[in-house]
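Written below as structure tokens is the structure these notes are about.
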């Protein structure tokens, strides 16, 4: 079991993943800009856990990252640079999973590639070579995550340049109830991030909230 | 029923789609740089059609495009500019479907975005505003297409800037046996094209030949 910091863990996506990881037995620390907000989110999320599960803790971002073995970043793209600056030192030597997607309002259903290739590659550049960045969960709709009985139909595509770091992220995807697929190097994150814009448009046209993607033609153990 | 030109129709992907469209009752003209090669491919593909089906014809690229109501381009990215130059005039006023994917050897499992955003957007720029470009079939593995009994598990994501043109492409995807999904404007083609690099890597890691993607969370009629 791993000690995870979920930076941006008071948001919809981060908090949903945090609950699922805590339910699976991981020690989860919700990170937020404000320790008070982090503690409140942790208390609220702990109430969703089954009886007997260990509860979640809440800390200010830097303290959350410092206390964790693995850091998950789940903040809006607009907040990514400032948030990473808060946890950069505390993340050195660790695996760092980016969940966010660069979207360009108001046309969020049109693909917009981040100047650095992808949000994940920009995170890697900012964090430096001492941090192993992996991108995952970009195509997961936050909607049902907090319902622990919900079984996702969509897959989690995982990209990154270090095999071991990717395997850790894939294990966390499985812990959250997803089928995980190794989707290649971090350079491929631009496609996984961009797919979210397509899914937002598909949601609108099909009048649903949680379309996703699934890889076909492979064995699913 | 539509008169379709499949430019590059002697290749694996183009010929597979051509057979399926001919079997569905469309009139299909195989286009190639050489009329002789086009005719040979058409004769070979006609032999795969069920008894009583209309046969395919073969013509040199420009003549094929001229004779068609709708043009499908299925050539390697490296040949795209030269091939479009051959059919540019003959394609004016028509719907033009790009099937190709820009890949950068030797690392074809790493995403590489075409300088113009995507191969489809580059085709649109070269063809001009008088041609309605749609991107489709990028994620379809050629392997099983010629087996008319084969039922694909993967979806066809269709991107384009004109609704009617997209609907025609979606109808052709259904005629070829696929579930078709409107994936937004042509700007989104970069993601659909790039997904093919991810699938090539997934094929290698899972030791399969035809991984694909499927959209989850929407009604599938």
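FYI, it's all coordinate maths here, none of it is from the lab. Given the structure is predicted, the values throughout are model-derived calculations rather than measurements. Methodologically, a virtual Cβ is constructed for each residue, glycine included, from the backbone with ideal geometry; neighbour enumeration extends over all protein chains shown.
Observations on the model:
- Cα pair distances in the protein assembly as shown, grouped into 20 Å bins until the bin that holds the longest one, percent each: 26, 50, 20, 3
- GNM on chain B, alpha-carbon springs under 10 angstrom: the most fluctuating residue among B:198, B:70, B:59 is B:198.
- Spatial offset of the range B:159-198 relative to the range B:1-58 amounts to 21 Å, using the alpha carbon center of each.
- Global geometry of the range B:166-210, whether rounded, prolate or oblate, following the gyration tensor of its Cα atoms and the 1.5 cut on a/c: oblate
- Of all DSSP-defined beta bridges confined to chain A, some 5% are antiparallel rather than parallel.
- Kirkwood-Stokes translational diffusion coefficient of the range A:4-72, alpha-carbon pairs, 4 °C, 1.567 mPa s, µm²/s: 117 µm²/s
- Looking at the protein assembly as shown alone, DSSP beta bridges between its own residues are antiparallel in about 15 percent of cases.
- Rg/Rg_ref, the range B:1-130, where Rg_ref = 2.2 N^0.38 Å and atoms are Cα: 1.04
- Within the range B:6-29: backbone nitrogen closer than 17 Å to the residue B:67 label point (7 Å, Cα to C-beta): B:6-11, B:15, B:18-19, B:21-23, B:25-29
- Structure remark: mean-square fluctuation, Gaussian network model of chain B, C-alpha springs under 10 Å; the largest value among B:97, B:30, B:200 belongs to B:200.
- Helical mean residue ellipticity (222 nm; -39500 (n - 2.57) per DSSP H run of 4+; nearest 500) of the protein assembly as shown: -11000 deg cm²/dmol
- Computed with the Debye formula from one identical point scatterer per Cα of the range B:121-221, without solvent, the log10 of I(q)/I(0) at q = 0.10, 0.13, 0.19, 0.20 Å⁻¹ comes to -0.29, -0.49, -0.98, -1.06.
- Computed over chain B, Kirkwood Rh from alpha-carbon pairs, angstrom: 17.1 Å
- Relative contact order %, the range A:136-221, counting alpha carbon pairs below 8 Å whose residues are six or more apart: 37 percent
- Choice from B:179, B:137, B:96 showing the highest fluctuation, given a GNM over chain B with Cα pairs closer than 10 Å: B:179
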